[in-house]
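Encoded as structure tokens, the structure appears first; notes follow it.
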Amino acid sequence: MAPNSMVFAVLLVGSLAVFVWGALRRASLVTLGQKDDRFDAIGTRVREMLLYAFGQKRVLAKPFGINHFVIFWSFLVLAIANTEFILHGVFSGIRLSLLPDPVYLPLILLLDLVSLLALVAVVVAMVRRLVAPPYPEARTLDAFFILSLIAILMLAFFGINAARMHGAEEGATAHAAGWMPISSLFAGLISAASAPGVYNLAWWAHAAALLIFICYLPNSKHLHILTAIPNCFFKRLDRPNTQPREEFTAGAQFGVNSPARFTWKDLLDSFSCTECGRCQNVCPAGLTGKPLNPRGVIHELKLNLLENGPALKRGEKASKPLIGTASEGSVSEEAIWSCTTCGACMEVCPVFIEQMPKIVQLRRHLVEMEAKFPDELLNLFENIEGRSNPWGIAPGERVKWSTLMDVKPFEQGKTEYLFYVGCAGSFDSRNKHVTVALAQLLDKAGVSWGILGKDEKCCGDSLRRLGNEYAFDRLAKENVETLRQRGVKKVITQCPHCFSTLKNDYRQYGLELEVIHHSELLRDLIASGKLRINRPASELGQTVLHDSCYLGRHNGVYEAPRQAIAAATGAAPAEMARTKDGAFCCGAGGGRMWLEEREGSRINVTRVQEALATHPQTICTACPYCMTMFEDGLKDVKAGNVKVKDIAEVVAEAVLRPAP
């Protein structure tokens, strides 16, 4: 059948109607979400969108990303050819050949070559899905169907142009053949007699593939072609190191148990997921056999929204629970409690989906609305609420670490830095050694510092990440009031969780502090000469550094610990296979420090084995939680010959001992 403008126009209108219906339906579901101001800093957002959506920066961070980059940009460039095809199909007089030759000829050369690149990239993507998929579930009919449509479009493009070179279409310009090398090769495969038939077949194959694609796009996961770009525009401009506050008023709902309780950006996330699997391939919980899959959480949110959306729009209750058993459209409680809030999923997502904050919101609902949480957390919550520390130890015990030292309280107007010791540094027997080492180094450097003593309370990090926002809110207000009354402006912490909470979370309560982690301070004190290396701590042997998630990914501190270790030992620490922004979690974040791992293998053991692969004598940490997890992990794998040292202990070895 020869191309028919009337038939094609009718099919086009029908396809566009299906496209608009599907797109508007999903857009209306996004509007169910709560308010979220993502329209600030427009200039910055445009720049980020150009860099990450069009520049594909995160996509290209992985070797196979170049293939997606080729498909993405081929899609954009070939939009010219597809637009011409549609217009020519309805109005036969419209064609690219009407353009002046200086524009037309280079343009068709570009389209010809880009079509070949797209075809090759599609074939490579198909082979990869078959042979080495990014994750086991990636071999889907949906993926192969869309790739097949793209391949048909490319082959039909070459077929149409090849037939035109044999004069199959009136008005086609024969002199363009020299500018279409790939189409010319196809032209050599057909005869002049067969050209009209080839043209008709290729034209309708192209039309069918294009119209099916238009219909299918908004009603499949490939809607991300449209939503990923705005999702990059609306990305968080800061690091994911805090959570939104809640207003505790009578009758209020807390947390999220329905799609409509999420923000509109959260719902846009669900339609923007490319299902590339990068998040699940870095998730410490998922990789060690826990039921959490960050990609799955976003997927279940989308399915739940699609199922419950119409009822929610009518003001009715949702029929499908968002939190439930591990079934389509529901996220299991086991998955929700498996998250370490390490942020690795958000670090690698090419379209800036915010998986981890959604999990915390689900936890809030379970804790605050249903009082459903793992049994171990009952003691934790009671201890922190009753005695302001996770172990429930008497507040007066906070200063016992300083028994043999002359430690002064912080005095407004006299003391420069508050040393916020933290619960682990105050009560944990192993981490008390770190506290003492840091205190001695501060004295050695002549730093003006003091402590709150028994008036110091837990910062509340675990409460907030575990979803007990009510208890965190009360504790944060008490701490903020104390810090204001004492006139604290500068704070030193040895715990990244305290560091992040004081620096980021308390800002929501109007408290602006200059918070410095001890690795940064020690690095600076060495560089300024206030701490002098008397004897490099070479007896520590080969060192390797573990990046704390809350110091690194959450706050961007990577180099300070490395520089402090290098200065103290005379050699840079070794790097694990997964390091810096790609570092694997120790397993203690997100309140998991206080929970047992009952499924799969232990996260800390996995990380310890990765550290041991570098053959270290000393594993260096900059976090009390990481310290505990590594020491426990070394016992599990019976590697007692390897030591675990905090940055402060490493520096103390080099500074506090007399020179030889």
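The values are calculated or read from the model by the stated rules, or taken from the named source; none is laboratory data. The model shown is predicted, which means the values in this text are computed figures rather than measured ones. Virtual Cβ from ideal backbone geometry, glycine too; neighbours counted across all protein chains shown. Note: areas computed on protein heavy atoms with side chains; ligands, DNA, RNA excluded. Shrake-Rupley method; radii C 1.70, N 1.55, O 1.52, S 1.80 Å.
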Could you tell me which numbered condition LYS235 fails, if it satisfies all but one of (1) in a helix (DSSP H, G or I); (2) open to solvent by less than 20 Å² (accessible area, probe 1.4 Å)?
-> (1)
Scan the stretch 316-345 residue by residue and report those that are more than 20 Å from ARG261 (Cβ to Cβ) and buried (at least 23 other Cβ atoms within 10 Å of the Cβ).
-> SER338, THR340, CYS342, GLY343, ALA344, CYS345
What pairs can you find where one residue is in the stretch 362-390 and without any contact (Cβ under 8 Å) to a residue 40 or more places away in the chain, the other is β-branched (Val, Ile, Thr), and their Cβ atoms are less than 7 Å apart, with a gap of 6+ or different chains?
-> ARG387/ILE393
Looking at (1) closer than 23 Å to SER500 by Cβ; (2) open to solvent by less than 50 Å² (accessible area, probe 1.4 Å); (3) of a type outside the set (D, E, K, R); (4) not in a strand (DSSP E or B), find the lone condition where GLY392 falls short.
-> (1)
Those residues of the stretch 395-414 which are touching a strand residue (DSSP E or B) at 6+ places or on another chain (Cβ under 8 Å), open to solvent by less than 70 Å² (accessible area, probe 1.4 Å) and assigned to a loop (DSSP other than H, G, I, E, B) amount to VAL407, PHE410
So, in the stretch 447-492, of the ones that are touching a residue at least 60 places away in the same chain (Cβ under 8 Å) and in a strand (DSSP E or B), which residue ends up farthest from the chain's Cα centre (by Cα)?
-> LYS490
When (1) open to solvent by 40 Å² or more (accessible area, probe 1.4 Å); (2) at pLDDT below 95; (3) not basic (Lys, Arg) are applied to ALA163, the one that fails is (1)
Which pairs do you get when a residue that is closer than 30 Å to ASN308 by Cβ, found in the stretch 4-33, comes within reach of a residue that is among the β-branched types (Val, Ile, Thr) and outside any helix (DSSP H, G or I), reach meaning Cβ atoms under 9 angstrom, with the pair 6+ apart or on two chains?
-> GLY33/THR263
Confirm whether ASN200 is of a type in the set (S, T, N, Q), part of a helix (DSSP H, G or I), in contact (Cβ under 8 Å) with a residue 60 or more places away in the chain and open to solvent by 20 Å² or more (accessible area, probe 1.4 Å).
-> yes
Just give me the residues in the stretch 631-654 being surrounded by 24 or more Cβ atoms within 10 Å (Cβ to Cβ) and either under 19 Å from ARG602 (Cα atoms) or not charged (D, E, K, R) (or both), in sequence order.
-> GLY633, ILE647, ALA648, VAL650, VAL651, ALA652
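If I ask for residues that are among the hydrophobic types (A, V, I, L, M, F, W, C) and open to solvent by 10 Å² or more (accessible area, probe 1.4 Å), which ones from the stretch 526-548 would you list?
Selection gives ILE526, ALA527, ILE533.
Going through the stretch 126-145 one residue at a time, which ones are part of a helix (DSSP H, G or I) and open to solvent by 10 Å² or more (accessible area, probe 1.4 Å)?
Step one: filter the stretch 126-145 for residues part of a helix (DSSP H, G or I), giving 126-131, 136-138, 141-145.
Once the filter is applied, which keeps residues that are part of a helix (DSSP H, G or I) and open to solvent by 10 Å² or more (accessible area, probe 1.4 Å), the stretch 126-145 yields MET126, VAL127, ARG128, ARG129, LEU130, VAL131, PRO136, GLU137, LEU141, ASP142, PHE144, PHE145.
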Do we find a residue being of a type outside the set (Gly, Ala, Ser), under 16 Å from LEU210 (Cβ atoms), open to solvent by 80 Å² or more (accessible area, probe 1.4 Å) and in contact (Cβ under 8 Å) with a residue 40 or more places away in the chain anywhere in the stretch 71-93?
-> yes
Of the numbered conditions (1) surrounded by fewer than 16 Cβ atoms within 10 Å (Cβ to Cβ); (2) touching a His at 6+ places or on another chain (Cβ under 8 Å), HIS615 fails exactly one; give the number of that condition.
-> (2)
Restricting to the stretch 1-57, what's the tally of residues that are among the charged types (D, E, K, R), in a helix (DSSP H, G or I) and surrounded by 14 or more Cβ atoms within 10 Å (Cβ to Cβ)?
-> 4
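Yes or no, residue by residue, for (1) in contact (Cβ under 8 Å) with a residue 24 or more places away in the chain; (2) over 18 Å from PRO134 (Cα atoms); (3) more than 21 Å from the chain's Cα centre (by Cα):
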site	(1), (2), (3)
SER258	yes, yes, yes
ASP269	yes, yes, no
ALA285	yes, no, no
GLY289	yes, no, no
LYS313	yes, yes, yes
ALA318	yes, yes, yes
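Restrict the check to the stretch 110-121 and report whether at least one residue is over 21 Å from VAL70 (Cα atoms), at pLDDT 90 or above and open to solvent by 50 Å² or more (accessible area, probe 1.4 Å). Please lay out each step first, then the result.
To start, the set of residues in the stretch 110-121 that are over 21 Å from VAL70 (Cα atoms) comprises none.
No, there is no match, as no residue in the stretch 110-121 is over 21 Å from VAL70 (Cα atoms), at pLDDT 90 or above and open to solvent by 50 Å² or more (accessible area, probe 1.4 Å).
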Residues within the stretch 345-371 that are assigned to a helix (DSSP H, G or I) and of a type in the set (Val, Ile, Thr), tallied = 4
Out of (1) open to solvent by 10 Å² or more (accessible area, probe 1.4 Å); (2) closer than 23 Å to THR288 by Cα; (3) assigned to a helix (DSSP H, G or I), the odd one out for PRO374 is which?
-> (3)
Only unsatisfied item for ARG363, checking (1) surrounded by 22 or more Cβ atoms within 10 Å (Cβ to Cβ); (2) more than 19 Å from the chain's Cα centre (by Cα), is (2)
